[in-house]
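A quick write-up on the structure given underneath.
Only the coordinates and a few stated rules stand behind these numbers; no lab work does. On a predicted model such as this, the values are computed, not experimentally measured, just so you know. FYI the Cβ positions are ideal-geometry reconstructions off the backbone, even for glycines, and counts take in every protein chain you see.
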Amino acid sequence: GMNPLIESVTFEPPFKEHLFFVYLNKKQSSFTAINSLNIELINQELISIVNSITKEILNCLDQSLFDRLIIEHERHIGLLLNQTPIQQLLFKDFNGAIKSLGAWGGDFILASGNAETPQFFYSKGYKTVISYSEMFFKKALSVALLISALSAQEKSTTPSTTKFGFTDLFNGKDL
């Protein structure tokens, strides 16, 4: 069988100021995406290709190479899921590269562009465009707040009845 290996990585490319997460507000079912998987296409060669592309992406220092790599990754995953990459489907006129995140065509995409990228998506009606740095700062901040609150709760000598209402930084829902 397949035993996936999950590793924590550091990804701080020199072009990170040109990377943006765009919320598409089109929740997709991961279950449906997995069910559309063309299982016959999965073989050791494809796994090696996708793994190799992923490693190149993680070590990439050049944005134009990064763009080519994420487009290539999208092409392979698109064939596997029998779906057209989101850039070809919705953003043919985008000057850069787009990578689907999560279930394909769903909530978020990663857009590799330039300083004009947020305006491109705003003009198309997408209101949530988050810079790479802002996304990871907020995530780190929310984790730090959670750890701090839990630590304070553990140190308390009396049972706490306080509800820690950590707010989802993207849409205001309680975590």
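Observations on the structure shown:
- In terms of distances greater than 20 angstrom between alpha carbons, the cross-link table entries LYS16/LYS124; LYS16/LYS92; LYS16/LYS55; LYS55/LYS127 yield LYS16/LYS124; LYS16/LYS92; LYS55/LYS127.
- Count Lys and Arg as plus one, Asp and Glu as minus one, and take only other residues whose Cβ is under 12 Å from that of ASN95; the net charge is then -2.
- Using the Cβ of VAL50 as centre and a radius below 14 Å, the other residues enclosed give a net charge of -1, where K and R count +1 and D and E count -1.
- Label-reachable residues, segment 63-78, where backbone N falls under 12 Å from a point 7 Å from ILE49's Cα toward its Cβ: 72-78
- FRET efficiency estimate (nearest 0.05) - Cβ-Cβ, THR84 to SER133, R0 35 angstrom: 0.70
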